[in-house]
Each structure stands twice: as C-alpha cells, then as structure tokens.
1. What is the distance in Å between the Cα centroid of the range 17-70 and that of the range 178-228?
2. Pop a pseudo-label 7 angstrom from the Cα along the beta-carbon direction at both D203 and K299 and give the gap in nm to one decimal.
3. Find out how many positive minus negative residues lie around L7, taking Lys and Arg as positive, Asp and Glu as negative, among other residues whose Cβ is under 12 Å from that of L7.
4. Could you tell me how many degrees, from 0 to 90 and to the nearest 10, lie between the Cα long axis of helix 210-222 and the main elongation axis, the longest principal axis, of the Cα atoms of the chain?
5. Rounded to a whole number, what % of the accessible area of the range 90-185 do carbon and sulfur atoms account for, probe 1.4 Å?
6. Would you kindly derive the ³J(HN,Hα) couplings of the range 32-37 from the backbone phi angles with the Karplus curve 6.51 cos²θ - 1.76 cosθ + 1.60 (θ = phi - 60°), listing them in order in whole Hz, with x for Gly and Pro?
7. What full-extension length gain, to one decimal in nm, is calculated for L44 and R291 as 0.36 nm per residue of separation minus the Cα-Cα distance?
8. What is the dipole size for the chain, taken about its Cα centre, with +1 at each Lys and Arg Cβ and -1 at each Asp and Glu Cβ, in debye to the nearest 20?
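The values are calculated or read from the model by the stated rules, or taken from the named source; none is laboratory data. All of these numbers come straight from a predicted model, not from anything done at the bench. In this analysis, Cβ positions are derived from the backbone assuming ideal geometry, glycine residues included, and neighbour counts consider all displayed protein chains. In case anyone asks, the SASA skips ligands and DNA or RNA and just uses the protein heavy atoms, side chains included. Shrake-Rupley method; radii C 1.70, N 1.55, O 1.52, S 1.80 Å.
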Amino acid sequence: MPNLISLFPNSQAGNPNLLLQGPDAFLNDYLAHNYVQQAAFQGLEKVTVDCESDPLDDLIAALAEASLFSQQKLVLVKNPIFLTGKFPVKYKQQGDRLLEIFSHLDQIDDVIVLVASYEKLDRRKKLTKQVEKSFNTVSTAVKSYESGRVMQALVKAEGYRFAGGALDLLMERSDQVLDAALGNYNKLKAISDGQEISRDLVDRNIDLSLDQNVFAILEAALRGDYQEAIDRLDGQLREGTYPLQLVAVFFSQVEFLLCVKVMGQRRRSESEIAKELSAHPYRVKTALKSRAKVGQLKKMLGQLIQLDYRYKSGVYQGSRFLKAFILTC
C-alpha cells in the first residue's frame, strides 16, 4: 500500500509519530486511514481517542501504559484540541502531563498519530512546540487551485488512472473542492471494474452539484433554452431543495458572474480575477465564457433581491415565482 503522506510536506520523514495538520477533515481522515494501514503497523494494537468526546485522561492512560505491556500500540488521536487556543484552562494538569509524555517520546514504544483538522495551531504553547519537535509534522493544507494536482497525485499513487478527461470532469462535478472529489473518487473506485476510470463512468455516476446545476439553469435560460432550464429546476426541486435555497444560490452565481464580467471589461487577467475574488481559476474561466451581459446581470440581481425578500416574508410560496424569474432571464 502506498504511503500517501509522502505526497505532502514532511518535517521528519523517517519519524513514525505523525501530526497531520490542515483544515480539511475528510482529507486528514483519508490520509490517517492510509497511514495506519501501512505494513509496518500491521501487528500493532489500534487504539483511537477523540479528544472532543473522550476524556483526556483516556489518552494519557493509553500513552502512559505503554511500558506496562509487551504489545506495541498505534494510538490514533482525533481532534487534539490541546494544540489549539481553545484548550480550556481547567485542563492545564492534563496538558502538563501530555507535555511530559511528548518530551520523552523516544522512551515510548507506541506509535502516535495526531489528526489535527484545524486551520491553525497555537504555536505559542509549549505543548504545541514540543509536538512539532517530536513528531513528523505533515501539512495537508491545499489551496483551491492546487486541488486538481493533489487529486491527480493521490490517484496515481493508489494505482488508478482516469482516462479521456475523466479526472477533469470529476473535479468539475466536485466544484474543484478536494474533499468532495475524494468522496466521489471513493464512490467510483467501489463501482469500477478495474484500475481505469472512464469519463463515461464519472458522467453516469457523479451528479452535478447544486452550484453547478444552478449555473447550468442560468446558462440554458440565457441562451433561450427555457425547457432545459425548467427541467433542471424541477429536478433540483424534486431532490428536496427549497425555492428560497435556490434563490440564495442563484444570487451567489449571478453576483459572481457580474463581478467577473466587470473585472474582465477592465482587462484584468483570469489569474488576477481569481486572486481578487478568492475563486478557483476554472470557475473564473467558465464565468468569462458566459454569454450574460453586465446590464442583464444587474437586472437579475435586482429581481433576485425581490424574490428573496418576498419568499422570506411569506408573500411568495411554491416554485412558480422562481420559474417566472428563469423565464425572464
């Protein structure tokens, strides 16, 4: 089994004690699951402690008991809140005990894996400094524009291959979001006959996201294909999406399109627009290709503000008012 943490920056690659740190919990869990399944750890007893639901004393006991038993353990620690600024002062005693344990990590036979799905750690803490000194720290933070590259590397490491633009379609259907792409990738692995995943398999089994479907509705309406737009809208409503939810997504999409179009008129490059709007470059490229005009988008925003107000105030009920908006695009 490939060791996927090698695809990310490692501070001490040869150290089996691991700190996974980054905001994406799904990615961290994916990498942690891969790591604990490595051949080097197959004979170890697996112990999991979640610091948000289990007492810290359970973690301390699991680590302190190492010398009392001959069987080596792998201790998987989820949500190590003691590394953050939110760690309650009342647990100072437990924090001091953990500091002592991690300061003498070389005397412990067990392997410890910390899964810290946080935006950042409190690096002022002695405990955090000690952990980063004693553990192999792997940063899993991925910028939005890197998601495709990281996904491609993960797929290749696991021995799979996306053929005929299938990976591009997967990322598109996943809104260029890495955890969504990983979830969809797992689904495809489960139904694939082999190691190759075709574009057709992605197209048949990975649906458009809500944002993508709303964008497709807008594009269909803007080119005058109102039947397709209404059919897509009806499909989204059948899935349980409320009209008010759709109004909010329509507003977000139209506002984004307007911002991109205005900045494009000012001769801003795709990369400049993406940076300014903190958006994925693919989304900017797609928006720039839209046939929507600035004046048209401004008018649509005004209509959506009225729709939002009237749905929230109870004046409008049902989907017919939203459909009327689509037919005027």
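1. Each part reduced to its Cα centre gives a spacing of 35 Å.
2. In this crude spin-label approximation the distance works out to 3.5 nm.
3. Details: positive: R149, K156; negative: E146, E158.
Around L7, the charge tally is 0.
4. Taking the Cα atoms of the chain, the angle to 210-222 is about 20 degrees.
5. 45
6. 5, 4, 4, 5, 6, 8
7. Stretched fully, the L44-R291 segment lengthens by 83.0 nm.
8. Once rounded to the nearest 20, the dipole reads 1680 debye.
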